Amino acid sequence: MGRHAGFSLIELTVIVAILGITALVVIPGFSSTDPQKLELAANRVAEALRYAKREAIRTGGIRGVLVDTDDGEVLGKDITVFEPDLSASPFSVLAKLYHPVSKQPYDFLLEKSSTTHGVKFASSVKPFSFEGVSGSQKSLFFTAQGAPVWVADNVLSRFTGGDIQLTYGGQVKTITIQPITGRVMVQ
């Protein structure tokens, strides 16, 4: 009689035990956070800024984005794209703009979405600075030419800079708006 090819029960048990121990050591080393959440959240914020700019150019009017880093205290959302009522001082929201695909108001809370849950603003500091305006602001407006500005008492103030930083699982993504062109970039 010849010897049968294959593995004995003891050999299989040892292999399964080694694989189990290896899995216990290796799996916790992987990040328990989904790196796509931060990327998706940064892209959503950047797209809201880009949409406000496109709508300002398309309609020939001023459109704004409110970035509420204080957990939605102002309008109840983290990000709101809107048409401002510039006759009021300070401005008020005349109408929220609607998302071109979902047809819902273009506003959202990062925490309420399953795809971005856990992503937070890196700080609660107002992100936008403007020439001749004391202090930073939560809102950024775009003119019909696509230029980022601040509007108060029917006076336009040039955007001088500002970044929005999001954090998740120890990682940070920065959304940058170029002062003159209004170009929005995720880094």
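Residues checked against (1) in a loop (DSSP other than H, G, I, E, B); (2) within 22 Å of R183 (Cβ to Cβ); (3) at pLDDT 90 or above; (4) not aliphatic (A, V, I, L, M):
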residue	(1), (2), (3), (4)
R58	no, yes, yes, yes
G64	no, yes, yes, yes
T69	yes, yes, no, yes
G72	yes, no, no, yes
K77	yes, no, no, yes
A88	yes, no, no, no
S102	yes, no, no, yes
K112	yes, no, no, yes
H117	yes, no, no, yes
- Query: among the basic types (K, R), in contact with a Phe, Trp or Tyr (Cβ under 7 Å, 6 or more places away or on another chain) and either under 26 Å from V149 (Cβ atoms) or at pLDDT 80 or above (or both), is that true of K53?
  - Reply: yes
Here the qualifying pairs (Cβ atoms under 8 Å; residues six or more apart or on different chains; first in the stretch 114-140 and farther than 20 Å from S92 by Cβ and in contact (Cβ under 8 Å) with a residue 40 or more places away in the chain; second of a type in the set (S, T, N, Q) and assigned to a loop (DSSP other than H, G, I, E, B)) come out as G118/T33; F121/T69; S123/T69; S124/T69; V125/T69; V125/S136; P127/T69; P127/S136
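In the stretch 126-168, which residues are of a type in the set (D, E) and more than 21 Å from the chain's Cα centre (by Cα)?
Filtering the stretch 126-168 for residues of a type in the set (D, E) gives 131, 153, 163.
Result: E131, D153.
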Practice task
Inspect all residues belonging to the stretch 129-149 and state whether any of them is in contact with a Phe, Trp or Tyr (Cβ under 8 Å, 6 or more places away or on another chain), closer than 17 Å to I175 by Cβ, crowded, with 16+ Cβ neighbours inside 10 Å and aliphatic (A, V, I, L, M).
Solution key: yes
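For the stretch 61-79, state whether one or more residues are over 20 Å from K37 (Cβ atoms) and hydroxyl-bearing (S, T, Y).
Checked against the condition, which is being over 20 Å from K37 (Cβ atoms) and hydroxyl-bearing (S, T, Y), the stretch 61-79 yields no hits at all.
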Quick one: is G169 in contact (Cβ under 8 Å) with a residue 60 or more places away in the chain, small (G, A, S) and farther than 22 Å from L94 by Cβ?
yes
A careful count of residues in the stretch 111-135 that are touching a Lys or Arg at 6+ places or on another chain (Cβ under 7 Å) and aliphatic (A, V, I, L, M) gives 1
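Conditions tested, residue by residue: (1) within 21 Å of the chain's Cα centre (by Cα); (2) on the phi < 0 side of the Ramachandran plot; (3) touching a residue at least 24 places away in the same chain (Cβ under 8 Å).
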residue: P84; (1), (2), (3): no, yes, yes
residue: L94; (1), (2), (3): no, yes, no
residue: S102; (1), (2), (3): yes, yes, no
residue: Y106; (1), (2), (3): yes, yes, yes
residue: L110; (1), (2), (3): yes, yes, yes
residue: M185; (1), (2), (3): yes, yes, yes
Within the stretch 163-187, residues among the aliphatic types (A, V, I, L, M) and assigned to a strand (DSSP E or B) come out as I164, L166, V172, I175, I177, V184, M185, V186
Checklist entry - part of a strand (DSSP E or B), of a type in the set (S, T, N, Q) and touching a residue at least 12 places away in the same chain (Cβ under 8 Å), is that true of T160? => result yes
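The values are calculated or read from the model by the stated rules, or taken from the named source; none is laboratory data. Since this is a predicted model, take the numbers as computed values, not measurements. In this analysis, Cβ positions are derived from the backbone assuming ideal geometry, glycine residues included, and neighbour counts consider all displayed protein chains.
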